[in-house]
1. I'd like the accessible area for Ile40: 1.4 Å probe, protein heavy atoms, all chains in place, Å² to the nearest 10.
2. Please express the shape of the stretch 54-105 as an equivalent ellipsoid: the semi-axes are the square roots of 5 times the eigenvalues of the C-alpha gyration tensor, given largest first in whole angstrom.
3. Probe radius 1.4 Å, ligands and nucleic acids left out: which of Val49, Val3 has the largest accessible area, and how do the rest follow?
4. Working with all protein chains in place, sort Arg10, Arg59 by solvent-accessible area computed with a 1.4 Å probe, largest first.
5. Computed from these coordinates, which is Rg and Dmax of the Cα atoms in Å: (i) 13.1, 42; (ii) 14.3, 43; (iii) 16.5, 58?
6. If DNA, RNA and ligands are ignored and the probe is 1.4 Å, what is the ranking of Asp102, Asp8, Asp53 by accessible area, most exposed first?
7. Leaving out ligands, DNA and RNA but keeping every protein chain, what accessible area does Lys68 have, in Å² rounded to the nearest 10, with a 1.4 Å probe?
8. Using a Gaussian network for the chain with springs between C-alpha atoms less than 10 Å apart, which of these wobbles most: Thr74, Thr86, Thr34?
Amino acid sequence: KYVRNIVDSRISVGEFFLPFIFIVLLVSITRNQTIAILSILAMYLIMFVAIIDGWFLGRKIKKLIAAKFPNESTKGLALYGFLRSTQMRRMRAPKPAVKRGDKSF
């Protein structure tokens, strides 16, 4: 629950990846090959930024978990946080319990 609150309290690049991919799909079927190629390159750029953002999120999660629960294992929590951050906020299950920007976790 603590990891979910950490993830849900921030805006991440990964949650906008799926809608962006849909736009890239629509743009990539245009007749203008330059625009199609640029949109696909933009998709890879966003994917790279989302992975880097997830890496920083994982480090933050491990640091906060180690500080709050010093004798607990952090194994798998960074990956869980990253995967949750790549889901659109409305589609997350369980539903987010904290608002964006909330620091009360």
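The values are calculated or read from the model by the stated rules, or taken from the named source; none is laboratory data. Computed from a prediction, not measured in an experiment: that's the story for all the values here. Every residue, glycine among them, receives a Cβ derived from its backbone with ideal geometry; neighbour counts consider all protein chains shown. Just so you know, the surface numbers come from the protein's heavy atoms only, side chains and all, with ligands and any DNA or RNA stripped out. Shrake-Rupley method; radii C 1.70, N 1.55, O 1.52, S 1.80 Å.
1. The accessible area comes out at roughly 70 Å².
2. Values: eigenvalues 81, 37, 20 Å².
So the three semi-axes of the stretch 54-105 are 20, 14, 10 Å.
3. Val49, Val3
4. On the way: Arg10 50, Arg59 140 Å².
Order by accessible area, largest first: Arg59, Arg10.
5. Only one option fits the structure, namely (iii).
6. Descending accessible area places them as Asp102, Asp53, Asp8.
7. 110
8. Maximum among the listed residues: Thr34.
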